[in-house]
Amino acid sequence: MSKVYLKDVVTRIKDKVDKDNTDLEYYIGGEHFDNGEIQITKKGVIAGSTIGPAFHMRFVPGDVLLMSRNPHLRKAGVVDFEGICSDVSYVCRTKDENVLMQKFLPFIFQSDDFWRFAEENKKGSTNFFLNWSDFEKYEFNLPPIETQRKLVEILWSFENTKTAYKNLLDKTDELVKSQFIEEFGDPVDNPMGWPMRKLSDVAKVYGTMTKEYEKYADYPHIGIDSIEKNTGILSGYRTVQEDNVISPKYYFGPQHILYSKIRPALNKVALPDFEGLCSADCYPLLVTGMCDRKFLAHVMRSDYFLDYVLSYSGRSQMPKVNRKQLEGFSFPCPPIELQEKFTLLIDQSDKSKFELKQAIADIDNLARALMQQELN
């Protein structure tokens, strides 16, 4: 085993293309990385998108992308398709497959040791980042090539198992969606004739804006990057003190729904079960007695709601949903007792999903422990 610097074994690829004159179909932005995941499976379509001129770095299948911003979110992973990313995502390849296997590289980037180094060497005050020259200084133990081959076989078997579990998670969500349509009908047609309610009838944008950061120093700080698109899972967040919060934030509690008004196509709707402060780019919604909190969150994660907000957001570089637009959303609202009956299914689904997520977390912990043993 030899001690190496990242710059000795990995190179940053700078293959630039013109996004407006390319036959490439897909792009990857920060929202397409899943925090702490080895693989990047999400993508956007270049045609018709609002991505800016910074998206000009080409990647190919097998490349590993490393996000230079907000290292605490642990955004790095391998792609299996071709496309472009912005210049704040570094396209990485091994210099010599006989020294460092490309398939081993994403596991190095997702090791605790690597992100510890990144945290210790980040720049900036609120929007933290590392330059490629900073990452290049990362020093680690590189196992012999034969050991790498064995590790790659084990670690990718872990990934395949995780993928199977994630497919079960997706199927569980699809079951809930299909059950919603069966019980309440398509909200577009409203075949059961449920009364239509505006969001302002059943919920209020209600959160106390605060600058008392010392009082909330140990509270979680939820930024829009901390809310996973579509699922609303909250991850990668830190405390108010750790994030050096200096701008006004909303207080929220477990009674709220959090909705990110920035880039509504990402459909970020979260149900926190704790107290904290959230970005001013989030709306904390407080539900009234006319609607069940989980039911409303499910409606807001639907294509029906997404189509509504996208009709208002336009094609600007950073579209937003304003408060008036959000409160004007109208949807079929069945009786509260039927809503609560449906949330029992959501609860059962959440229990199954929790067990699957715990199994995935156990695999992640095992992989990280194995990598930590090899890199130290």
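List of remarks:
- Reciprocal of mean inverse Cα separation for the range 162-308 (Kirkwood radius, Å): 16.5 Å
- Potential lengthening between S200 and S352 on full extension [0.36 nm per residue; Cα-Cα distance subtracted]: 51.5 nm
- With both labels modelled 7 Å from their Cα along Cα-to-Cβ, the N131 to R12 distance reads 0.9 nm.
- Taking only the Cα atoms of the range 233-310, the ratio Rg/Rh comes out at 0.98, with Rh defined as the Kirkwood radius.
- Residue list for the range 55-72, given a label point 7 angstrom along the Cα-to-Cβ vector of D112 and an amide N cut-off under 20 Å: 71-72
- Placing pseudo-labels 7 Å out from each Cα toward the beta carbon at E212 and V152 gives an inter-label distance of 5.6 nm.
- Between the residues Y304, I246, F331, the greatest Cα displacement towards the positive end of the dipole of the chain, with unit charges on the Cβ of Lys, Arg, Asp and Glu, is found for I246.
- Cα-centre dipole for the chain with unit charges at Cβ (Lys and Arg positive, Asp and Glu negative), debye to 20: 840 debye
- Computed on the Cα atoms alone, the convex hull of the chain gives a volume of 142 cubic angstrom per residue.
- Computed per residue of the chain from DSSP H runs no shorter than four, each worth -39500 (n - 2.57), the mean residue ellipticity at 222 nm is -11000 deg cm²/dmol.
- If the segment from V60 to I181 were pulled out straight at 0.36 nm per residue, it would be longer than the present Cα-Cα gap by 39.6 nm.
- Spatial separation of Cα centroids for the range 94-116 and the range 177-227, in angstrom: 40 Å
- Counting only cysteine Cβ atoms and a cutoff under 4.7 Å, the chain contains unmatched residues C85, C92, C291, C333.
- Heavy-atom accessible surface of the chain: percent carbon and sulfur, 1.4 Å: 49 percent
- Here, the range 282-370 yields an orientationally averaged convex hull projection of 8.8 nm² when only Cα atoms define the hull.
- By a 1.4 Å probe calculation restricted to protein chains, D281 has an accessible surface near 50 Å², given to the nearest 10.
- Exposure of R301 as accessible area (Å², to 10), given a probe of 1.4 Å and all protein chains: 70 Å²
- Screening the chain for DSSP H helices whose Cα atoms reach 18 Å or more along their own axis and whose mean Kyte hydropathy is at least -1.0 gives 145-184, 336-375.
- Probe 1.4 Å, accessible area per residue of the chain, Å²: 48 Å²
- Heavy atoms of D34 accessible to a 1.4 Å probe, total area in Å² rounded to 10: 40 Å²
- Label positions at A47 and D170, each projected 7 Å from the Cα along the C-beta direction, are separated by 2.3 nm.
The values are calculated or read from the model by the stated rules, or taken from the named source; none is laboratory data. Predicted, not measured: the structure shown is a model, and the values here were computed from it. With ideal geometry, Cβ positions are generated from the backbone for all residues, glycine too; neighbour counts draw on all protein chains shown. For the accessible areas, the whole protein counts, side chains as well, though only heavy atoms, and no ligand, DNA or RNA atoms are used. Shrake-Rupley method; radii C 1.70, N 1.55, O 1.52, S 1.80 Å.
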